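The values are calculated or read from the model by the stated rules, or taken from the named source; none is laboratory data. Every value quoted in this text rests on a predicted model; they were computed, and no experiment measured them. A quick note on method: Cβ atoms are made from the backbone with ideal geometry, for glycine too, and the neighbour counts reach across all protein chains shown. For the accessible areas, the whole protein counts, side chains as well, though only heavy atoms, and no ligand, DNA or RNA atoms are used. Shrake-Rupley method; radii C 1.70, N 1.55, O 1.52, S 1.80 Å.
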Amino acid sequence: MSYAVAVRALCEFTAREGDLDLRFTPAPSGLEGMAGHAVVTGRRGPAYETEVALSGQYDTLLVRGRADGYDPVANRLEEIKTYRGRLDSVRDNHRAAHWAQARVYAHLLCQARGLAQVQVALVYFNVATEEETVLAESRDAAWLAAFFQEQCSRFLAWAGTELAHRQARDAALEKLAFPHGEFRSGQRELAVSVYRTARDGRCLMAQAPTGIGKTLGTLFPLLKASPGTGLDKVFFLAAKGSGRGLALDALDTLNAQPAAPGLRVLDLVARDKACEHPDKACHGDSCPLAQGFYDRLPAAREAALAVIQDEPHGRLDAPTVRAVARAHQLCPYYLSQELIRWSDVVVGDYNYYYDSTAMLHGLTQANQWKVAVLVDEAHNLVERARRMYTSELDQLTLAAARQAAPKPLKKALDGLQRSWTALNKKQADAYQAYDAAPAGVLAAVQKAVAAITEYLGESPLAQDDPVLAFYFEALHFMRLAEQFGSHALFDVTRADGRGQGAKTPPSTLCVRNVIPAPYLAARHAAAHATVLFSGTLSPQQFYRDTLGLPADAAWIDVAAPFQAEQLAVKVVGNVSTRYRDRERSLVPIVDLIAAEYARRPGNYLGFLSSFDYLRQVSDLMRQRHPQVPIWLQTPGMGEADRAAFLARFTESGQGVGFAVLGGAFSEGVDLPGKRLIGAFIATLGLPQVNAVNENIKRAMDLRYGEAQGYDYTYLYPGMQKVVQAAGRVIRTEQDVGTVHLIDDRYRRAKVRNLLPSWWRVD
């Protein structure tokens, strides 16, 4: 059995050396790179060959790729690389990999065409000046063959280990039994649907209630399907740390089986949590863990895999990666990125696959992996993806950049400032949405970006330079503005109501994503199979429309294993929690909570629509019913404070924890048994009616019809939060509890139709 590898992937693995260097230099875009290649090849003679397909075998390793160009007249093999600015800005570790690629392609060419020798050339093309720099060497076929064999032998030890691991893994997965013997009610139905989705290479929306074991019920069948479908990797994506934790626990359970599959599980953590030296920049001149990174990387890789082979669970979690990184004096964050290639299951946040510059998606494309994607609590992906594809440009950031800018950049930044201020003066209100980005401002942003790009190519700036901070914001803003369409809004928010005289207040420009579907559709298409699962994916058409799911995406609604008798759902229809009625609602709410607590003492959660409302209710609760113990969620709670909040919910505990609906405690919290026996939800969870949301509604009206605009903007997102919060009460088939829905709008049929079908509402 051969192990196939692309030439680029081979050389990036074997030939990179020296420092990790992430100092920013403006690189050509993909389109600019393609255009640069076309310019170079267009300058060659009529016999010149482009995109020359080549492959070669070394032992069990199949190496393949496409050489950029070959001139048979000059007998010259060319590897073309585009760049901006100074040629010496091309990092040493990149240049070493470039030479390796050129030499490997040269060997494959000699082998394919029986050449005794060939000229090997690196052609560096400056996309701004269209200047070529050619670095060439003459090599005979024997030297190139030896070089090829050396690279392959370095890689083959890893490839052989990987191939043996995958064969053993797949053989074990084929025999793997469900770890708990029997499936829970509904769990088998979910597992069968996921297995078929992986087998057929499709997309699945799975609405499955809390308590049936969705995490294990999706991971197990997907991994069982892996050998037959040839999956390279599984990506488990979660919105919160609790979801990642459940996935890691489920994978530990699978790896602990008698016929253990030995899954290599990598837990990706955010850079700010992994960084050992947050006060240093990511290059060898600043950070000791970046210095010589690629020289020490091979030994660290080997050590990491050795550690998980010795561990019963095979988990490359943050502590494990950090311990290996420290032992080898490497950056743990970038070591974890290197370990993605050698992992079977990668657990991480949504943004690692769905963001515009997502690492997992980029590696999937570059390595042509066949992957399956599991999206945990997928109802969160709508709002998260909106933020990924929204960009703001703050005029105060521009002001800081103008003040710090070197003289060559002053003109472009001043021009943008004038265009921006002119727009502010024309705007009558503090907030205004436009049908598109005003052409004058967008053109000025483009000019400023172009000027900074050209300058950075010759004179790199420090990472904390205000010009660089503005540049990054402007780049993201410009890319999204150029893709503007009915899926987005363009709005301007001024610092106050109106400008007076010459002192026009600054503003913020925003390309605001409303419907992430156009961006997410491409990510679904890049995966062999995608499973989006949640307890709340209704109505399904809302999620199909906003998440860009393919037309043939399957749907399953798993029946709840619970009985209506387990949960008493009571509508308190004589109270309004609308903003204008908040004051009148306080006494009825606190008296209801106190009465229910007196009837059945125990642990309860009370959900309010905002921290201000929460404060009013809790203050009155202390005044009128001081005998009821209460504790509160507060803004900006850290992990320790959140843990302390949840620690109050013990089997023998009593009291009411107040929290904000849609916050940290309204989903992803597991409090079975007597740890939680009831909830009070004093809101419909509807987003605030304001100018931004009204413009989002208008965009939804235009896209899906006026009948859907209000529901898509307000009702469905709000009720999703309600159902998630209520789902904290019944976690197992033995739990019994009560949910009070406090608002007169819960009497409406349209609202009740969005509640789970197994509920019996009084």
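Things worth noting here:
- Residue list for segment 224-240, filter: more than 30 Å from Ala164 (Cβ to Cβ) and not in a strand (DSSP E or B): Ala239, Lys240
- Of the strands (runs of 3 or more DSSP E) contained entirely in segment 62-143, those carrying at least 1 residues that are among the charged types (D, E, K, R) fall at 76-83, 132-140.
- One residue from Thr215, Thr229, Thr197, Thr210 being in contact with a Cys (Cβ under 9 Å, 6 or more places away or on another chain), at negative phi and open to solvent by less than 40 Å² (accessible area, probe 1.4 Å): Thr197
- Failed item in (1) modelled with pLDDT under 90; (2) open to solvent by less than 30 Å² (accessible area, probe 1.4 Å), with Leu520 passing the rest: (1)
- Residue check, Arg703 open to solvent by 50 Å² or more (accessible area, probe 1.4 Å) and out of contact with any strand residue (DSSP E or B) (no Cβ under 9 Å at 6 or more places or on another chain): yes
- Unmet criterion (only one of (1) within 30 Å of His528 (Cα to Cα); (2) among the aliphatic types (A, V, I, L, M); (3) out of contact with any Lys or Arg (no Cβ under 9 Å at 6 or more places or on another chain); (4) open to solvent by 50 Å² or more (accessible area, probe 1.4 Å)) for Ala450: (1)
- Subset tally (residues that are among the basic types (Lys, Arg) and either touching an Asp or Glu at 6+ places or on another chain (Cβ under 6 Å) or within 22 Å of Thr738 (Cα to Cα) (or both)) for segment 576-623: 2
- Segment 523-534 - residue that is not small (Gly, Ala, Ser) and not in a strand (DSSP E or B) and, of those, most open to solvent (accessible area, probe 1.4 Å): His528
- Leading residue by the ranking (nearest to Asp465 (Cα to Cα)) among those in segment 423-442 that are part of a helix (DSSP H, G or I) and open to solvent by 40 Å² or more (accessible area, probe 1.4 Å): Gly440
- Of residues in segment 90-112 being open to solvent by 30 Å² or more (accessible area, probe 1.4 Å) and at pLDDT below 90, the one nearest to Ala136 (Cα to Cα): Arg95
- Out of Leu231, Leu173, sole residue that is touching a residue at least 60 places away in the same chain (Cβ under 8 Å) and touching a Phe, Trp or Tyr at 6+ places or on another chain (Cβ under 9 Å): Leu231
- The one condition in (1) in a loop (DSSP other than H, G, I, E, B); (2) within 34 Å of the chain's Cα centre (by Cα); (3) surrounded by 16 or more Cβ atoms within 10 Å (Cβ to Cβ) that Ser576 fails to fulfil: (2)
Quick grid of which residues meet (1) surrounded by 15 or more Cβ atoms within 10 Å (Cβ to Cβ); (2) in a helix (DSSP H, G or I):
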position: Ser242; (1), (2): yes, yes
position: Ala247; (1), (2): yes, yes
position: Asp252; (1), (2): yes, yes
position: Lys273; (1), (2): no, yes
position: Cys282; (1), (2): yes, no
position: Arg296; (1), (2): yes, yes
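- Filter pass, Thr650 being of a type in the set (Ser, Thr, Tyr), in a loop (DSSP other than H, G, I, E, B), open to solvent by 10 Å² or more (accessible area, probe 1.4 Å) and modelled with pLDDT of 95 or more: yes
- Counting the residues of segment 466-489 that are open to solvent by 30 Å² or more (accessible area, probe 1.4 Å), in contact (Cβ under 8 Å) with a residue 60 or more places away in the chain and not in a helix (DSSP H, G or I) gives 1.
- Matching residues in segment 149-173 - criterion: being among the aromatic types (Phe, Trp, Tyr) and either at positive phi or modelled with pLDDT under 85 (or both): Trp158
- When each of Ser343, Ser286 is tested for being out of contact with any helix residue (DSSP H, G or I) (no Cβ under 6 Å at 6 or more places or on another chain), in the same structural domain as Thr530 (by the TED database) and at pLDDT below 90, the lone residue that passes is Ser286.
- Residue count for segment 640-663, restricted to those that are closer than 18 Å to Thr536 by Cβ and in contact (Cβ under 8 Å) with a residue 40 or more places away in the chain: 4
For (1) touching a strand residue (DSSP E or B) at 6+ places or on another chain (Cβ under 8 Å); (2) surrounded by fewer than 17 Cβ atoms within 10 Å (Cβ to Cβ); (3) among the acidic types (Asp, Glu); (4) at pLDDT below 95, each residue gets a yes or a no:
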| site | (1), (2), (3), (4) |
| --- | --- |
| Ser29 | no, yes, no, yes |
| Glu32 | yes, yes, yes, yes |
| Thr82 | yes, no, no, yes |
| Asp88 | no, yes, yes, yes |
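Residues are listed down the side, and each one gets a yes or a no for (1) out of contact with any strand residue (DSSP E or B) (no Cβ under 9 Å at 6 or more places or on another chain); (2) under 22 Å from Arg113 (Cα atoms); (3) surrounded by 16 or more Cβ atoms within 10 Å (Cβ to Cβ); (4) not basic (Lys, Arg):
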| residue | (1), (2), (3), (4) |
| --- | --- |
| Ser2 | no, no, no, yes |
| Phe13 | no, no, yes, yes |
| Arg16 | yes, no, yes, no |
| Gly42 | yes, no, no, yes |
| Leu54 | no, yes, yes, yes |
| Leu61 | no, yes, yes, yes |
| Gly65 | no, yes, yes, yes |
| Glu78 | no, yes, yes, yes |
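- Any hit, segment 746-760, residues being assigned to a helix (DSSP H, G or I), open to solvent by less than 10 Å² (accessible area, probe 1.4 Å), within 24 Å of Leu489 (Cα to Cα) and at pLDDT 95 or above: no
- Qualifying residue in segment 331-340 (condition: in contact with a Lys or Arg (Cβ under 7 Å, 6 or more places away or on another chain) and closer than 21 Å to Ser242 by Cα): yes
- Among residues of segment 587-636, those that are surrounded by fewer than 17 Cβ atoms within 10 Å (Cβ to Cβ), in a loop (DSSP other than H, G, I, E, B) and free of Cβ contacts under 8 Å to residues at least 40 places away in the same chain, counted: 6
- Count of residues meeting criterion [open to solvent by less than 20 Å² (accessible area, probe 1.4 Å) and touching a Pro at 6+ places or on another chain (Cβ under 9 Å)] in segment 380-412: 9
- Filtered residues of segment 561-575 (kept if more than 14 Å from Leu592 (Cα to Cα) and among the polar types (S, T, N, Q)): Gln563, Gln566
- Scan segment 151-178 for residues that are part of a loop (DSSP other than H, G, I, E, B) and open to solvent by 30 Å² or more (accessible area, probe 1.4 Å) and the total you get is 1.
- Selection within segment 201-222 - free of Cβ contacts under 8 Å to residues at least 60 places away in the same chain and assigned to a helix (DSSP H, G or I): Leu216, Gly217, Phe220, Pro221
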